[in-house]
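Take a look at the structure set out below.
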Amino acid sequence: MLRLERPRMDLRSLITLLAVASIVITLANSLYATWRVQREVLIGNTLEANRVYATKLASTAEMFFQLAQPQLAYSARLLQDGLDDDAVIVGEVERLREQTNSFNSVVVVDAGGWVKAVSPESLKLKGRHLATSSTQEALKARKPLIGKPAMSAANNLVVFVSTPVWSKTGRYLGFVGGTIYLKKKSILNELLGEQFYRDGSSLFVVDGDNRVLYHQNSALIGQKLPPVIPDPVKQKNQNGYLQVGEASREPMLAGFAVVPTPDWTIVALKPTRTTLAPLTNLLMKVLQHSVPFALLTLLCAWILARLIALPLWQLARKASRMDAAGVSKEITIIRAWYYEALQIKRTMLAGIGLLQDKIGQLKFEVQTDPLTSLLNRRGLSAVLEYFLATRQPFAVLALDIDHFKRVNDTWGHNVGDEVIKSVARQLSASSRQTDVVCRNGGEEFLMILPGAQRDIAVAIAERVRQQVAQQTLETVGHITLSVGVAFWDAKGEAMEQAFKQADDALYQAKHAGRNRVVISPATDDGSVTPPQSG
């Protein structure tokens, strides 16, 4: 006698294991979701803070240049009478430098490039001819300019701001210029150098050629750096943020803003690593608060597992003694307090052979179609209810007689009925013993093939099609069938979907020329059977 090995795990253990797995997965998912959300929040807040920070500094720098150029223009108007009065010129450059504190030095240069006055005088530039790129550019352009970083005549790295001096008659006399030192104390240092830096944060300023104008590391001032903010990004937005960093550089969170007048870019950076550092502590706190509730949930799940498993465990013990006297009474007193246990209890009391007997008698108890003696829709519904209850997968064939309306119109409904009965006989003869054949109405039929794999279902459909096509009927001659094939695997979609897919495949077979088999979903690799001769 075949002896079945007793399973090593019972239902209570399975339910407990499932609860533990669910709790662990849920907790892990919560931690991961918290990490992802908080990570995005931290990065987003830091990027926005850097953008706002850079924008504020850019606005301040822009305001400085908007004020500095009118100051130079005012001095230029005061010098319209000429550059010959040394006292007036010297007094003006001293006033401009000391009163505004905008420039490290102020100079007045005539149209030939000779210094007429300079403040402070310690630079000793008066009377010298200036040939720096900034002064030559100012003499050539003869318009207000903000020069690019360059070495001054006093050997300082400066940004030169200039305004032309025109006489009252419109003659170009020279220019008034102010310098901002980049490597020494200046207004730029006062605007940017007093900012609060921590956690690896940094701030720097570059001009349009990506030359550093300000940096916490003074050694970088005046050098060209690879662009941190791509030019297309700056051209699209005057301020914004983005994550930067390549394989060779640490990932950084950058906020930037453009200073429009001099075309400078202020960039505020913070390392991504520093920004995300608080996440670890946050996750640990979440874990500390979650574990007690997880343990409490696990205890409740263990207790509930015992309650759920107890009646099934008792019924399982009685199932091994079905032939013992009084077992029915013992089963009756078992407290089956939920639906599944109650159904099993009732089934055991009714006898383990009830289901098999019911299945064997199913085809004889349901109603049949009077014309073909096949199952009708009501009978098919009973069969499908059984398949649904037992989760029995099947293939469904939707069949339709081609041009049947022409048969009725040409030879009448009596001949049409004979054609239907002939097709029904062919379907019954071509089906397996376990298959279910049903007349779905009119000239439409359904075949249900329990457990049929794809190749078997297609073979049966093709066999039915060929046999019907080869048969010669009195009066009518030859008729053909179009067939749509679909499958229900009892795991995913609803059963109704399989019948819809079969109908759709049948519809495709009709439109593809009839007398063929189409498998749902239809493909271009042979699922559509070409019509056969005869």
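The values are calculated or read from the model by the stated rules, or taken from the named source; none is laboratory data. Predicted model only: the values in this text are computed from it and were never measured. We place every Cβ from the backbone using ideal geometry, glycine too, and count neighbours over all the protein chains shown. Quick note on the areas: whole protein, heavy atoms, side chains included, nothing else; ligands and nucleic acids left out. Shrake-Rupley method; radii C 1.70, N 1.55, O 1.52, S 1.80 Å.
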With +1 on each Lys and Arg Cβ and -1 on each Asp and Glu Cβ, and nothing else charged, work out how big the dipole of the range 73-153 is about its Cα centre, in Debye to the nearest 20.
420 debye
Starting from the Cα of residue 510, draw a straight line to each of the aspartates and glutamates and keep only those under 14 Å, dropping any in the same chain fewer than 8 residues away.
400, 402, 443, 444
The correct ranking of 270, 183 by accessible area at 1.4 Å, largest first, is 183, 270
So which lysines can residue 318 reach, going by Cα to Cα under 18 Å and dropping same-chain residues fewer than 8 places off?
329, 345
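With a probe of 1.4 Å, find how much accessible area the range 389-446 has per residue, and write the answer as a whole number in Å².
46 Å²
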Which of 78, 67, 157, 213 is most accessible, then next, and so on - probe 1.4 Å:
67, 78, 157, 213
Debye log10 I(q)/I(0) for the range 60-150, one point scatterer per Cα, at q = 0.14, 0.17, 0.22, 0.26 Å⁻¹:
-0.49, -0.75, -1.33, -1.71
Could you pull out every whole DSSP H run in the chain that spans at least 15 Å of Cα extent along its own axis and averages 1.0 or higher on the Kyte-Doolittle scale?
278-319
Among 272, 157, 416 - extreme Cα towards positive end, dipole of the chain, charges at beta-carbon
272
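Please give the charge dipole size of the range 222-317, origin at the Cα centre, charges +1 on K and R Cβ atoms and -1 on D and E Cβ atoms. Round to the nearest 20 debye. Spell out each step's value before the answer.
Values: 9 positive and 4 negative charges, 78 e Å.
The dipole of the range 222-317 has a size of about 380 debye.
Compare 215, 511, 403 by solvent-accessible area with a 1.4 Å probe and give them largest first, with all protein chains kept in place.
Details: 215 35, 511 135, 403 85 Å².
If we order 215, 511, 403 from most to least accessible, we get 511, 403, 215.
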Take every Cα pair under 8 Å in the chain that's 6+ residues apart, average their separations, divide by the length, and report that relative contact order as a whole percent.
11 percent
Residue 32 - accessible surface, heavy atoms, 1.4 Å probe, Å² rounded to 10:
120 Å²
Straight-line reach from residue 270: which lysines fall under 27 Å, measuring Cα to Cα and dropping same-chain residues less than 8 apart?
56, 183, 184, 185, 224, 234, 236, 285
Alpha-carbon centroids, the range 382-401 and the range 121-164: separation in whole Å
93 Å
Taking the chain and counting helices only, DSSP H stretches of n ≥ 4 at -39,500 (n - 2.57) each over all residues, the nearest-500 ellipticity at 222 nm comes to -16000 deg cm²/dmol
